[in-house]
Amino acid sequence: MLTTSLPAPPAPLSPRRRWTVLAVCALSMFLVGVDATIVNVGLPEIGRGLDVGTRGLEWVVDAYTVVMAGLLIVAGALADRLGRRRVFRYGLLVFGLASLACALAPSLGVLVAARAVQGIGASMLSPVALAIVVNAMPDPRERARAIGVWASVFGLSMAAGPVTGGALIGAFGWRAVFWFNVPVVLLALLLVALFVPESRGQRARRLDLPGQVLLTAVLGLTVGLLIEGPHIGWTSPTALAGYVLTAAAAAAFVRVELRRDEPLMDLGLFRRPPFVTAVLGATAVFVALNVTLLLSTLYLQQARGWTPLASGAATLPMALGATLCAPWSGVLVGRVGPRRPLLLAGGFTAAGGLCLARLDGHTDLWLLLVAFLLIGIGFGFANAPLTNAAVGGLPPSRAGVAGAITSTSRQVGVAVGIAVAGGLVAGADPAGLAAASRPGWLIVSACGLFLLVAARTAPRP
């Protein structure tokens, strides 16, 4: 196995500089998180502007998340080899340029392609930001607090997206959700240049191109089947061929990874029950969040005729719950470990989904707002303990890979949540949309119940 020796690491940063690095990385991650959900509230307006239906709109979201999920781990490996700050800046640049292309897109095809490129840029930000933070915080307790803050900011950004999107669309139209990224990217590029030091892995890992191709194929085929299944038929020859290809690609991926000295994905991590449940829990949280966001957006705008601004404002209780509880969750993780916050996350999420299990066209507004608040509280409590459970107890050399896998699972949750929710309501007319969405709210509750299971395997402090 060939490795490249690297220079000794630089002197530790001062406390102020370490937390400044965290703040800069958190700003960039806030951008990525907002962009993953800000588009949801604008989907009906995008559909009207580009004359496309629900199935096409799902790809506007999932082209971004599938590409991002497929490239997160290799982006982390490239950062270890080429330099984390360098790859981080490249990611910001690609993300910003793709945002411009999205804002100017004349058709659905161009928009989906630009969103895929946006996903390439975003993949260079998420795991690299976490690796930069872990590298800057040598003390384990300080690192745990920093991870809690990082995860909390990312969670807040996901919840804030619909509110921000609704306001921007109401004032300037759907293209504004992409113009919004440009000044934030420019600010982040400046701050990274000024405050973030360069760092690399202790040794440069070989790139696993076969594993990368197979992982991307598995994710793309899975999400593609979920989106297109209602249209082509779940038992059609095309769907059956898709199932076979997905299973074959997954088996080939595992076979390749087990035989490589430096695999793309360290499958040995999956021998740790806390890691497995943290990864599955992260997927479940983001399935619940994105089912909620898509179903509520379509219900409020199409079934009840609300404007994007009004439907975005309706999610304010969700953002409020996440905003108040995400920092609290990080504190709890540092004090008592991840179990208690995970129990709270699961209970609140399950309760929020059950509130809307009998949704109809005349459901009281107060019940909608209570459900959104409960789901937001659950989401706020979930991210910090799941990240801590995934990377806690691992040496820094493996924490980056564990963080990248957890980030991948989040994006898989986004893609699956959008695909499942879109499949439930595809073809439903405004009058039948509420009834068609009811299984989605049960899925949200089931995701919450899974978090209760994940809490039982979370490590003790």
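The values are calculated or read from the model by the stated rules, or taken from the named source; none is laboratory data. Quantities reported herein were computed from a predicted structural model and do not represent experimental measurements. Glycine also receives a Cβ, built like all others from the backbone with ideal geometry; neighbour counts cover every protein chain displayed. Just the protein is used for accessible areas: all its heavy atoms, side chains included, with ligands, DNA and RNA removed. Shrake-Rupley method; radii C 1.70, N 1.55, O 1.52, S 1.80 Å.
Calculate the tail of P(r) for the chain: the fraction of all Cα-Cα distances greater than 32 Å, expressed in %. Present the calculation step by step, with values, prior to reporting the outcome.
On the way: 35693 of 106030 pairs.
Looking at the chain, the distances longer than 32 Å represent 34 percent of pairs.
Given C-alpha coordinates of segment 255-320, what is the ratio Rg to Rh with the Kirkwood estimate of Rh?
On the way: Rg = 19.5 Å, Rh = 15.1 Å.
Checking Rg against Rh, the ratio lands at 1.30.
From the phi of every residue in segment 353-362, what ³J(HN,Hα) in whole Hz does the Karplus formula 6.51 cos²θ - 1.76 cosθ + 1.60 yield, where θ is phi - 60° and glycine or proline is x?
x, 5, 4, 10, 5, 10, 4, 9, x, 10
Mind checking the per residue accessible area of the chain for me, 1.4 Å probe, whole number of Å²?
Details: 17850 Å² over 461 residues.
That works out to 39 Å² for each residue.
No solvent, one uniform scatterer per C-alpha: report log10 I(q)/I(0) for segment 273-413 via the Debye equation at q = 0.12 1/Å, two decimals.
Log-scaled intensity ratios, in q order: -0.51.
How big is the shadow of the Cα convex hull of segment 30-85, averaged over all directions, in nm²?
Details: hull surface 19.0 nm².
So the Cα hull casts an average projection of 4.8 nm².
So what are the ³J(HN,Hα) numbers for segment 438-452, from phi and the Karplus equation (6.51, -1.76, 1.60; θ = phi - 60°), rounded to whole Hz, Gly and Pro as x?
Computed from phi, the couplings for segment 438-452 are 4, x, x, 6, 5, 5, 4, 4, 4, 4, x, 4, 5, 5, 5 Hz.
Please give the FRET efficiency for Ala101 paired with Asp266, using the beta carbon to beta carbon distance and R0 = 35 Å, rounded to the nearest 0.05.
Details: r = 35 Å, r/R0 = 0.99.
Efficiency, from the Cβ-Cβ distance: 0.50.
As an exercise, use a Förster radius of 60 Å and the Cβ-Cβ distance of Val331 and Ala247 to find the FRET efficiency, rounded to the nearest 0.05. Mind dumping the intermediate values first?
Values: r = 43 Å, r/R0 = 0.72.
It comes to 0.90.
Work out, step by step, the length gained on full extension between Arg358 and Leu93: first 0.36 nm times the residue separation, then minus their alpha carbon distance; give nm to one decimal.
Numbers: separation 265, 0.36 × 265 = 95.40 nm, distance 4.53 nm.
The Arg358-Leu93 span can extend by a further 90.9 nm.
With unit charges on the beta carbons (Lys and Arg positive, Asp and Glu negative) and the dipole taken about the Cα centre of the chain, which residue among Ala455, Ser157, Val425 sits farthest to the positive side?
Farthest towards the positive pole: Ala455.
Assuming R0 = 22 Å, can you tell me the calculated FRET efficiency for the pair Leu186 and Arg17, based on Cβ-Cβ distance, to the nearest 0.05?
Details: r = 22 Å, r/R0 = 1.02.
Result of the calculation: an efficiency of 0.45.
For Asp51 and Ala113 in the same chain, what is the full-extension length gain: residue separation times 0.36 nm, less their Cα-Cα distance, in nm? All intermediate terms of the calculation are to be shown ahead of the outcome.
Numbers: separation 62, 0.36 × 62 = 22.32 nm, distance 1.70 nm.
So the chain would gain 20.6 nm between Asp51 and Ala113.
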